[in-house]
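Shown next, in structure tokens, is the structure this report addresses.
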Amino acid sequence: MRLSPGVSAEEGLEQVCQSIYWSHDAAVLTTCAADPPGAVVTFVNPAFTDLTGYPAHEAIGRSPDQLLFGPNTNPAVPVDVLVAVKKGESFECESVVRRKDGTAAAVRSRVVPVRGPSGRAVRSLVFLRDTSGERKAERDARDARAVCDQLFASPALGVALADEDRRLVRVNAAFARMHGYAEHELVGTDLLKLVPPDHRDRAARAHSEYLTQGGPRTQDWLAACKDGSSRRVSGTVGAAVLGNGSRVLVITLADVSDQDRIQAQLRDANKMENVGRLAGGIAHEFNNLLTVVQAFAGMAAEALPPGHEARGHIAQVTRAADHAAQLTRQLLTYARRRPVEPQIVDLSAVVAGIADFLRGTLGDKVKLSIHTRESVHPISADPNLLVQVLVNLAANARDAMPVGGR
């Protein structure tokens, strides 16, 4: 910067002060270091006061290094700036200004010599631009990128970005895996490809609404997979604005198909529990009736003389009632309405005793063969529970052979 020719030095410096008074950047006018007693501040503009908190009357007359260099400033910077001021040279650097309240502000400093008509530097003008906001924005951007990277690294949460044309611009491994694709197969793909055909019109309208309305929405929908199947997912979709002003959809998905399966199993378990309660109630009442049948059958047998023909018929009734009572005990055990009663039992005898019952359970298509060993050590168990286990095994085997087997 050069003073206007034909005017005095004082008038020229006054013009400089007027030109920088309304500058958005903080400005400090100093004498050159060659002038005794060294460089001092001769003028500051209002932006400098806003930046540092020092009004003009407190700043003027002080050494510039007291105002321009705060903590955490590179030690080489003050030396370089003062050398530039002394030599009347231009210089730019990053530094830290100490505010009057003791806080610090990051600034970008630019030293500009003010030369007289002869070309000699008569003053130095230092412009300070506050970069604290820029650095905060940079830190925020770095933090946002770190959060985004962590989000995309999630092994369970599917994450994707789609542009205004519905093209996927980035997906993570979990998102691709939910749809049966590799990540590179989805980048650049139309988002509607991942929606079942009969839902695509509605999805296209929703895409436009999400971009214009912005706010995130959470809902469940069907996702179309690469193999032609579909699965239910729960997701959140919202719009975000990039630095260039364009909008993208941010999609996060959680696969809830396993949750559906677990809920179905829970419903089945509840049904079985209800069936068990019903079976237990029926078995309890039926057991009371059997007790009456067994009692009267015993009384009838005692009333008949030995060798009477009816004794054989009554014995058949008693055996049938005993077998029915055994079945009711199994039902009561299944319904958890009968306590477990372990006893010493012969496992081979238990198996042989329910052979006919198992054959009736298996039906005509499945042939049952029973092979037991004669020398089997007795075990301690509830025989009714053993029967229940064997019946369950037989039923599972029957269900696994729908066309029959052995």
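Where a number appears in this text, it was derived from the coordinates with a stated rule and is not lab data. Since we're looking at a predicted model, the values are computed, not measured. Reconstructed Cβ throughout: ideal geometry from the backbone, glycine too, with neighbour counts over all protein chains shown.
Some notes on this structure:
- Once both labels are positioned 7 Å from their Cα atoms along Cα-to-Cβ, the gap between R108 and V256 label points is 5.0 nm.
- A Gaussian network model of the chain, with springs between Cα atoms under 10 Å, assigns the largest mean-square fluctuation among A300, A121, A254 to A300.
- Along the axis of the charge dipole computed for the chain (Cβ charges of +1 for Lys and Arg, -1 for Asp and Glu, origin at the Cα centre), the listed residues A156, N274, A104 are led at the positive end by N274.
- Among E309, E94, E164, the residue with the largest mean-square fluctuation in a Gaussian network model of the chain, with springs joining Cα atoms closer than 10 Å, is E309.
- Long-range amide H partners of G180 with built H, under 5 Å: K226
- Legend: ranking of residues L278, L67 from fewest to most surrounding C-beta atoms inside 10 Å; resulting order L278, L67.
- Think of each Lys and Arg Cβ as +1 and each Asp and Glu Cβ as -1; about the Cα centre, that makes the dipole of the chain roughly 380 debye.
- 17 Å cut-off, amide nitrogen to a point 7 angstrom out along N396 Cα→Cβ, residues in segment 368-385: 385
- Excluding same-chain neighbours fewer than eight residues apart, the aspartates and glutamates reachable from K226 by a Cα-Cα span under 15 Å are E183, E185, D190.
- Hydrodynamic estimate: the Kirkwood radius of the chain over Cα pairs, inserted into Stokes-Einstein at 25 °C and 0.890 mPa s, corresponds to D of 78 µm²/s.
- DSSP beta bridge pairing in the chain, given as percent antiparallel to the nearest 5: 95
- Residues I344, I379 in ascending order of nearby Cβ atoms (within 10 Å, fewest first): I344, I379.
- Estimated FRET transfer efficiency when R0 is 51 angstrom, pair A355-D201 (beta carbons, to 0.05): 0.25
- The sum of -39500 (n - 2.57) across all DSSP H runs of n ≥ 4, divided by the residue count of the chain, sets its helix-only mean residue ellipticity at 222 nm to -15000 deg cm²/dmol.
- Within the chain, the selection of entire DSSP H helices by a Cα span of 15 Å or greater along the long axis and an average Kyte-Doolittle value of at least 0.0 returns 76-87, 383-400.
- Residue order for V16, V389, V187, fewest other beta carbons within 10 angstrom first, comes to V389, V187, V16.
- FRET efficiency estimate (nearest 0.05) - Cβ-Cβ, N270 to Q316, R0 51 angstrom: 0.80
- Charge dipole (debye, nearest 20) of segment 342-406; +1 at Cβ of Lys and Arg, -1 at Cβ of Asp and Glu: 280
- Projected label points at R232 and R277, each 7 Å from Cα along the beta carbon direction, are separated by 2.5 nanometres.
- The GNM of the chain, with springs linking C-alpha atoms under 10 angstrom apart, assigns the highest mean-square fluctuation among A104, A224, A156 to A104.
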